[in-house]
Amino acid sequence: MSDTRQRPATEHATIVANERVAEGVGMVVLDAPRTAAAIAPGQFVHLRIAEGADFILRRPFSVYRAEAGRLEILYQVVGRGTRVLAEAAPGVVMDLIGPLGRGWWVPEGVAHALVVAGGLGAAPMGMLVEELARLGVATTLAHGAPTADRLLARDLFEATCRRTEVATDDGSAGTCGFVTALTDGLMRKARPDVVYVCGPEPMQRIVVAQAAAAGIPCQVSLERLMACGVGACLSCVVTTVNGRKRACVDGPVFDAAEVLWDPSEDPEAGE
Ligand SMILES: Cc1cc2nc3c(=O)[nH]c(=O)nc-3n(C[C@H](O)[C@H](O)[C@H](O)COP(=O)(O)OP(=O)(O)OC[C@H]3O[C@@H](n4cnc5c(N)ncnc54)[C@H](O)[C@@H]3O)c2cc1C
Ligand code: FES
């Protein structure tokens, strides 16, 4: 497969909006025309959130949507950086590197895709479902969250996908339970040509196993701790059947059949 990725570059990105969209989750809109024009679905940006020792390391974020020179990023507040991000007002300028990584790809001949988004796993799926719609691919979305008000990006998914199936842990929307209870049936009955998954790792593993059992190719977006974001520090290593890979440049999206989830399976361990 030829690599058509745009080269990453630094850009000064100005916040144009920053709003809370759910408990502990915000959406920041950045004016970043160069990156917005170059980024592909599933790629990410590395943000220097503020000046100072705590922020020397940039924070990686997927791009939910890119339109009209702007990047939309869904973020969960988890630590110091995302707390500062949540407080940042329109007009604040952040240093950004992007586009980074290897995103989702649409294999030749795909007519029907199953997209599985769990919780914050919705974050890299906005651009993907829009691209699938643009290509005329019929998309079924399996969408999971703890409660109805944590179903991120619901409006976009319902407007863009042919079919959406919802599961919430408390039953406040859709089926009561984990989204993985829906995906098995969707794969066996609807027989998608490809499965795309992002969400908590236990959920990803189940979906990957279901896709393997059904014989359907599957792509997975893996979140790893990242320091440099450009392939130099090896903090983001993923063990694969083809050796150790760096999530920041070889991923974050991987062919699920390549990933060895259990480090004990690492063929290079002990070398
Ligand atoms: C490719 C990729 C895409 C991501 N996309 C999103 C997204 O769209 N929305 C979202 O909410 N979160 C996303 N994350 C996770 C997000 O990067 C972390 O939640 C964030 O860096 C935490 O920063 P913090 O300062 O608040 O937390 P702290 O825990 O205070 O961070 C301390 C350090 O650890 C690093 N770090 C902490 N957690 C992570 C993590 N999960 N992944 C990588 N580095 C981490 C930070 O960069 C920072 O250097 C993504 C992670 C990766 C690898
Ligand atoms: S984050 Fe440095 S190699 Fe991936």
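The values are calculated or read from the model by the stated rules, or taken from the named source; none is laboratory data. All values derive from a computational prediction rather than experimental measurement. Neighbour counts are summed over all protein chains in view; Cβ atoms, including those assigned to glycine, are modelled from backbone coordinates with ideal geometry. Heavy atoms of the whole protein, side chains included, go into the accessibility calculation; ligands, DNA and RNA do not. Shrake-Rupley method; radii C 1.70, N 1.55, O 1.52, S 1.80 Å.
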(message) In whole Å, what are the extents of the range 24-94 along the principal axes defined by its C-alpha atoms, from largest to smallest?
(response) 31, 23, 22
(request) Check every DSSP H run in the chain and write down those whose alpha carbon atoms cover 30 angstrom or more along the long axis and whose mean Kyte-Doolittle hydropathy is 0.0 or greater. (result) none
(request) Once you have the Kirkwood Rh of the range 113-214 from its Cα pairs, apply Stokes-Einstein at 10 °C and 1.306 mPa s and quote D in µm²/s. (result) 121
(message) Charges at C-beta only: +1 for Lys and Arg, -1 for Asp and Glu. How large is the resulting dipole of the chain about its Cα centre, in Debye rounded to 20?
(response) 340
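Using a Förster radius of 45 Å, what is the FRET efficiency between Lys189 and Ala232 based on their Cβ-Cβ separation? Nearest 0.05, please. Walk me through the numbers on the way to the answer.
Working: r = 46 Å, r/R0 = 1.01.
My answer for the efficiency is 0.50.
Of the chain, which part is the longest with no trypsin sites (Lys or Arg not before Pro) in a loop (DSSP not H, G, I, E, B) and with at most 14 other C-beta atoms within 10 angstrom?
On the way: sites that count: Arg162, Arg224.
No qualifying site falls inside 1-161, the longest such stretch.
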(request) Have a look at Gln43, Gly69, Leu85 and report the one farthest towards the positive end of the charge dipole of the range 1-105, computed about the Cα centre with Cβ charges (Lys/Arg +1, Asp/Glu -1). (result) Gln43
(request) Send over a whole-number figure in Å² for the accessible area per residue of the range 1-123, probe 1.4 Å. (result) 46
(message) Using helices alone, I'd like the mean residue ellipticity at 222 nm for the chain: each DSSP H run of four-plus residues gives -39500 (n - 2.57), total over residue count, nearest 500.
(response) -5000 deg cm²/dmol
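Please compute the contact order of the chain in relative form: average sequence separation of alpha-carbon pairs under 8 Å and at least six residues apart, divided by the residue count, as a percent.
Reported relative contact order: 16 percent.
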(request) May I ask for log10 I(q)/I(0) of the range 1-136 at q = 0.10, 0.22 Å⁻¹, from a Debye sum over the Cα atoms as equal point scatterers with solvent left out? (result) -0.33, -1.42
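Using the heavy atoms of the protein chains alone and a 1.4 angstrom probe, what is the accessible area of the range 160-214 per residue in square angstrom? Can you show the working numbers first?
Working: 2600 Å² over 55 residues.
Heavy-atom accessible area per residue stands at 47 Å².
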(request) For the range 173-260, restrict the atom set to alpha-carbon positions and state the Rg and Dmax in Å. (result) 14.4, 44
(message) Looking at the chain as a GNM with Cα springs under 10 Å, which of Val110, Val194, Val207 has the largest mean-square fluctuation?
(response) Val110
(message) Given a 1.4 angstrom probe, I'd like the percentage of the accessible area of the range 62-114 that is carbon and sulfur, rounded to a whole number.
(response) 48
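Using the Kirkwood formula on the Cα atoms of the range 81-171, what hydrodynamic radius do you get, in angstrom to one decimal? Please report the intermediate quantities before stating the final value.
Details: mean 1/r = 0.0665 Å⁻¹.
Radius from the Kirkwood sum: 15.0 Å.
Mind pulling up the Rg/Rh value for the chain? Radius of gyration and Kirkwood radius, both on Cα.
Working: Rg = 18.0 Å, Rh = 18.9 Å.
Radius of gyration relative to Kirkwood radius: 0.95.
By DSSP, what percent of the beta bridges with both residues in the range 132-271 are antiparallel, rounded to the nearest 5?
Working: 8 of 19 bridges.
In the range 132-271, approximately 40 percent of DSSP beta bridges are antiparallel ones.
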(message) Charges on Cβ only, +1 for Lys and Arg, -1 for Asp and Glu, centred on the Cα centroid of the chain; of Val194, Ala123, Pro107, which one is farthest towards the dipole's positive end?
(response) Pro107
